[in-house]
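Report on the structure given below.
The values are calculated or read from the model by the stated rules, or taken from the named source; none is laboratory data. From a predicted model like this one, the values you see are computed outputs, not experimental measurements. Methodologically, a virtual Cβ is constructed for each residue, glycine included, from the backbone with ideal geometry; neighbour enumeration extends over all protein chains shown. Each accessible area value is taken on the protein alone, full model and side chains, heavy atoms only, with ligands, DNA and RNA left out. Shrake-Rupley method; radii C 1.70, N 1.55, O 1.52, S 1.80 Å.
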Amino acid sequence: MDNDVDRSPWVLYRKENGKISFSEYTESGDINPGNIKILVEIEESELKAEFEKALQRQTNFKNRISALLKKTDIKNKERIAGLLTGMD
């Protein structure tokens with residue numbers, strides 16, 4: 001049986017001095033820390049703020065779907081809204 005780990009895609013990250021660095025995409029299972037090339041570097045607080053915005057947008061979307069479903073005779077409205085938005 002083949003080892004799927006060797007063919008899995010990788011993007012590595014490092015947290016250091018309040019910044020998060022992301023490496024280039026690689027499919028190599030043989031990762032040498034000395035050869036990792038940084039593709040993107042971002043302030044940890046800025047990344048966290050963007051994730052919080054995305055979560056808020058997703059929550060708002062779920063609430064809009066829930067409101068639409070409440071106007072119908074569909075059962076399990078909240079569960080359906082959660083499944084449609086990935087928030088279940």
Restricting to region 17-66, name every residue that is open to solvent by 70 Å² or more (accessible area, probe 1.4 Å), polar (S, T, N, Q) and part of a loop (DSSP other than H, G, I, E, B). N17, N32
Anything in region 69-78 that is at pLDDT 90 or above and either assigned to a strand (DSSP E or B) or surrounded by 12 or more Cβ atoms within 10 Å (Cβ to Cβ) (or both)? List them, or say none. L69
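Condition check ((1) within 16 Å of V11 (Cβ to Cβ); (2) of a type in the set (V, I, T)) across all residues:
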residue	(1), (2)
T26	yes, yes
N32	yes, no
E41	yes, no
A49	no, no
L55	no, no
Q58	no, no
F61	no, no
K70	no, no
I80	no, yes
Within region 71-88, restricting to residues that are over 21 Å from the mean Cα position of the chain (by Cα) and acidic (D, E), the one that is farthest from Q56 (Cα to Cα) is D73
Pull out all pairs, ordered by first then second residue, where Cβ-Cβ is under 8 Å, the residues are six or more apart or on different chains, the first lies in region 64-78 and is at negative phi, and the second is open to solvent by less than 90 Å² (accessible area, probe 1.4 Å) and of a type in the set (V, I, T). I65/I80; I65/T85; L69/I80; I74/I80
